[in-house]
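Engineer: If you scroll down you'll find the structure; I have some questions about it.
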Amino acid sequence: MSEIKKSTQEDFQDNLQNNIQKFKIAETTENTSNVVTTDKSRLNKITNLTPIKTFIDYVSGFNPVVWLLVLATFIESFGRFLVVPYLSIYLSRKGVSLSSIGAVLGIGPLAAFFFSMIGGHLSDSIGRKPVQIIGVILSGISFLGFAISNTNLYLLAFFNFLTTMTRTFYRPAVNAAIADITPIEKRSEAMGFTRVSLNLAYGLAPFLGVLFATYDKPIGFIIASILSLSVGLLVAIVIPETHKKPQKQKTEKRSFQTARQNLRDSFKSYKVMFFDRSFLLWNIANMILVGVYGYIQSFLPIHLNNQKMPLWIYATMLSINAFICTVFQIPMSIKFAKSRIGSTAMYAMIGYVIGFSMFGFSKSSLLLFIGMVILSTGEIIHAAVSVRFVPEIAPEGLLGRYLGFSGIQELGPFFFNIIGGFIFQNFGGVALFLIAAAGSILGGILKYLADRREKPGR
């Protein structure tokens, strides 16, 4: 019995020791778990800084090349907007007539129309990167040309021809590169970033440009040239090629027959575009809208100068436009990412109509600023949906050509600047900006009709 008791006692003691050991292990595990949980909680408190984390997650959701292209676009645009907005008033102060100013400014968009098609074709055939490099290098050369032209109208017209050509050479290649590396559901946002960079440059550069506009020496043109050439280096060294060319068989040899077949394929691709009625109607609308919008840079500063308003008011209007487009473009791109393109673009023209009308009639700086706020609101809504149209309707393999041919919109400023110069000189600024308002209505209606037609490739 005593042995049984002893055995029972021993078993009890063993069980007691085991239970104590288990309790200690459980307690240690619980403490360790609490430490880990506490550490994780502290780590979450550090890393879960909601605005920063959300921003980092959002930025990392896009290919890094997108941000490099956005940076390159900002630098190139900053140099351009340093001098271009003041070219018309510079010529006006030198005694050049309004009709001649319209002709000088109009010749550039004519070049842009032809060379944007060539640039789009080249971006499909030789790649996006080489076309971007060629564009910014020629842009740098053209700004140096402005610096030595003084008031020679022929030289100014030639270099305006060249600088506008290079802009439409470069930007379709940038847009095509972004489309190459961005999923379709994020393209509107990604392309919105380039627009943000453009508008940021548009807001900052003119304030610095006001200083250079008062000097006789072409300092602004020299700085613009340096910035364009620096972008060429950035693209050449840092930004990779994004266009994937169709793989060819190693045994294929280039011959006269091959070259002829390539030429036939090119003509076929352009035939597709020429018979794409929706695409052509869209581009006619863009011709009108880009044409009347160009009055902001070409004739608005002269109109304000005629009303004895200081130049800083014009610079402030540009900055208001840039601020609104920079801050609100991406939210608008997200908001309207799935909305109907044509109808949204048409309703956005309400902002254009009100804004242009206020530019014509207002003699108060406050009303001019309000007019720019209203116009800019319409602009960002219009841009949010417009950037989606061509990438969505372009057949596979023809995106670069479609984007390049979209340069036909540059014919708008060619015609409207020449017509605008005549109207301004004979009927005044009020009549000019009423025509801009009427053109905005027509452009909106055409975009609505374009989006209602059957679209190939959808």
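Engineer: Do we find a residue being part of a helix (DSSP H, G or I), more than 21 Å from PHE299 (Cβ to Cβ), small (Gly, Ala, Ser) and in contact (Cβ under 8 Å) with a residue 40 or more places away in the chain anywhere in the stretch 152-172? Break it down into steps so the answer makes sense when it comes.
Structural biologist: Step one: filter the stretch 152-172 for residues part of a helix (DSSP H, G or I), giving 153-172.
Those left that are additionally more than 21 Å from PHE299 (Cβ to Cβ): 154-155, 158, 162, 165-166, 168-172.
If we keep only those that are small (Gly, Ala, Ser) too, we end up with none.
No, because not a single residue in the stretch 152-172 is part of a helix (DSSP H, G or I), more than 21 Å from PHE299 (Cβ to Cβ), small (Gly, Ala, Ser) and in contact (Cβ under 8 Å) with a residue 40 or more places away in the chain.
Engineer: MET317: surrounded by fewer than 21 Cβ atoms within 10 Å (Cβ to Cβ) and of a type outside the set (Ser, Thr, Tyr), yes or no? Full working, then the answer.
Structural biologist: Values: surrounded by fewer than 21 Cβ atoms within 10 Å (Cβ to Cβ): no; of a type outside the set (Ser, Thr, Tyr): yes.
Judged against the criteria, MET317 is not a match.
Engineer: Also: Do we find a residue being of a type outside the set (A, V, I, L, M, F, W, C) and at pLDDT 95 or above anywhere in the stretch 389-401?
Structural biologist: Going residue by residue through the stretch 389-401, those that are of a type outside the set (A, V, I, L, M, F, W, C) are 391-392, 395-397, 400-401.
Next, from what is left, pick out any that are at pLDDT 95 or above: none.
No - not one qualifying residue is present in the stretch 389-401.
Engineer: A follow-up question, please. For THR194, all conditions in the list (1) without any contact (Cβ under 8 Å) to a residue 12 or more places away in the chain; (2) under 30 Å from ILE313 (Cα atoms) hold save one; what is the number of the exception?
Structural biologist: All conditions pass for THR194, except number (1).
Engineer: State the number of residues belonging to the stretch 74-124 that are surrounded by fewer than 20 Cβ atoms within 10 Å (Cβ to Cβ), among the basic types (Lys, Arg) and either at pLDDT 85 or above or in contact with an Asp or Glu (Cβ under 8 Å, 6 or more places away or on another chain) (or both).
Structural biologist: 0
Engineer: Here's a follow-up. May I ask you to verify whether PHE193 is closer than 30 Å to LEU91 by Cβ and aromatic (Phe, Trp, Tyr)? Give the steps one after another, and end with the answer.
Structural biologist: Numbers: closer than 30 Å to LEU91 by Cβ: no; aromatic (Phe, Trp, Tyr): yes.
So PHE193 does not fit the description; no.
Engineer: Scan VAL272, VAL235, VAL231 and give me the residue that is in a helix (DSSP H, G or I), β-branched (Val, Ile, Thr) and at pLDDT below 85.
Structural biologist: From the options VAL272, VAL235, VAL231, the qualifying one is VAL272.
Engineer: Something else: Taking GLY294 as the residue in question, decide whether it is closer than 26 Å to VAL83 by Cα, in contact with a helix residue (DSSP H, G or I) (Cβ under 6 Å, 6 or more places away or on another chain) and not aliphatic (A, V, I, L, M). First the steps, then the outcome.
Structural biologist: Numbers: closer than 26 Å to VAL83 by Cα: yes; in contact with a helix residue (DSSP H, G or I) (Cβ under 6 Å, 6 or more places away or on another chain): yes; not aliphatic (A, V, I, L, M): yes.
So GLY294 passes the test.
Engineer: Then there's this: State which residue is modelled with the lowest pLDDT when the search covers only the stretch 402-453 and only residues that are farther than 15 Å from LEU289 by Cα, within 27 Å of the chain's Cα centre (by Cα) and of a type outside the set (A, V, I, L, M, F, W, C).
Structural biologist: ARG453
Engineer: Does GLN425 satisfy the criteria of being touching a Pro at 6+ places or on another chain (Cβ under 9 Å), in a helix (DSSP H, G or I) and among the polar types (S, T, N, Q)?
Structural biologist: Values: touching a Pro at 6+ places or on another chain (Cβ under 9 Å): no; in a helix (DSSP H, G or I): yes; among the polar types (S, T, N, Q): yes.
It is false that GLN425 is touching a Pro at 6+ places or on another chain (Cβ under 9 Å), in a helix (DSSP H, G or I) and among the polar types (S, T, N, Q).
The values are calculated or read from the model by the stated rules, or taken from the named source; none is laboratory data. Small disclaimer: the values here were computed from a predicted structure and weren't measured. Glycine gets a Cβ as well: all are built from the backbone with ideal geometry, and neighbour counts include every protein chain shown.
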